[in-house]
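Working notes for the structure below.
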């Protein structure tokens, strides 16, 4: 058996070790990036859930307002989040800029607890969409039907969730 002299060695072990180190480093960087993406996804989902809860609180607040609401004539001004759907122009809420405070009804519900300040105030608009009796209603004065639109915000204040409900 012939032995290689140190002069004839070509550094293959060093080359293989460097290649393995490079591969392991690439795997480590990839795993770190994946964790960052997953963290961002979890943060976005948490923010969306807060926005959903805020929008839901806006709906419930508007329903409570309507339960104790003044007459429908209160909506005739088409301002401050209280609108009447026009048969000719349709719904104002579909094109309404809900980020303008003058266009929406102020949120009057309970404090939303330990959530970011931007999420605490959902934007709410209420429309009278018609009058109509259903079986069992008196025909002389059918109650109005309302459409409530509530927009919840992400933790950073950007619009995220818009919910609508019909209330009689």
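Computed from the coordinates by the stated procedures, all read-outs in this text should not be read as laboratory data. Here the structure is a predicted model, which means the values were calculated and not measured. All Cβ positions, even for glycine, are placed from backbone atoms using ideal geometry, and neighbour counts span all protein chains on display.
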Exercise. Any chance you could run the full-extension gain for residue 19 through residue 101? It's 0.36 nm times the residue separation minus the Cα-Cα distance, nm to one decimal.
Key: 23.4 nm
Exercise. Obtain the nm distance between the two label points defined at residue 12 and residue 27 by a simple spin-label model: each point lies 7 Å from its Cα along the Cα-to-C-beta direction.
Key: 2.3 nm
Practice problem: Among 97, 46, rank each residue by its count of other Cβ atoms within 10 Å, from fewest to most, as a rough exposure measure. | Solution: 97, 46
Exercise. List 162, 105 from most exposed to least, where exposure is judged by having the fewest other Cβ atoms within 10 Å.
Key: 162, 105
